[in-house]
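J.: One structure, pasted below without further comment.
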Amino acid sequence: MKLLIVEDEPKIRALLSSYFEGHGHEVFTTESGEEAITLIQQHEPALILLDLSLKGKLTGRDVLREAMQRVPASKVVVVTGLVEASEEEFKQLGASGLLRKPIELDTLSQLLRQVGGEQSPSA
């Protein structure tokens, strides 16, 4: 499966990338909203893990709106440490789910199976 990880924290981005690549997924990463839009257009990922706080002018909300317009078949899971983030708000914008930081890989795996109808990444 093609995954796009849009995360401004290098350690989290590297951890998620390594985890999914290690389980056979094709992973693209970026820290900026602008580059995320480019990668979405170029690769049409099946799943996008999207932080709300990003480098550059575009926010995670902006990227979510653009992703839903450009590649509506993509599933987007918002990943954030912001307490005020509302799952309902993001579902209205088209997101498939919301994960709060710190991320537990088991929880992420379960959510990805539910969202994508995929086998577990460890399968």
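Every number in this text was worked out from the coordinates using simple rules, so none of it is lab data. Keep in mind it's a predicted model, so treat the numbers as computed, not measured. No Cβ is skipped: glycine too gets one built from the backbone with ideal geometry, and neighbour counts run over all protein chains shown.
J.: For a quick check: with amide H placed at 1.01 Å from N, whose amide H comes under 5 Å from Glu9's, ignoring anything fewer than 5 positions away on the same chain?
T.: none
J.: Skipping prolines and chain starts, which residues have an amide H placed within reach, meaning under 5 Å, of the one on Thr29, given they are 5 or more residues away or on another chain?
T.: Ile5
J.: Next up: What does the net charge come to around Gly33 if you take all other residues with beta carbon closer than 11 Å to its beta carbon, with K and R at +1 and D and E at -1?
T.: Once all neighbours under 11 Å are counted, the net charge is -3.
J.: How would you rank Thr59, Thr29, Thr38, going from fewest to most other Cβ atoms within 10 Å of each one's own Cβ?
T.: Lowest to highest Cβ neighbour count: Thr38, Thr59, Thr29.
J.: Something else: Quick one: 3J(HN,Hα) in Hz for region 35-43, Karplus 6.51/-1.76/1.60 with θ = phi - 60°, rounded, Gly and Pro as x.
T.: 5, 4, 4, 4, 5, 4, 5, 6, 10
J.: Most exposed first by the Cβ proxy, i.e. fewest other Cβ within 10 Å, how do Glu7, Glu31 rank?
T.: Lowest count first: Glu31, Glu7.
J.: If only Cα atoms are counted, what is the Rg of region 66-108, and what is its Dmax, in Å?
T.: Computed over the Cα atoms of region 66-108, radius of gyration and Dmax are 11.1, 30 Å.
J.: Work the Kirkwood hydrodynamic radius out for the chain: mean of 1/r over every pair of different alpha-carbon atoms, inverted, in Å.
T.: Its Kirkwood hydrodynamic radius stands at 14.0 Å.
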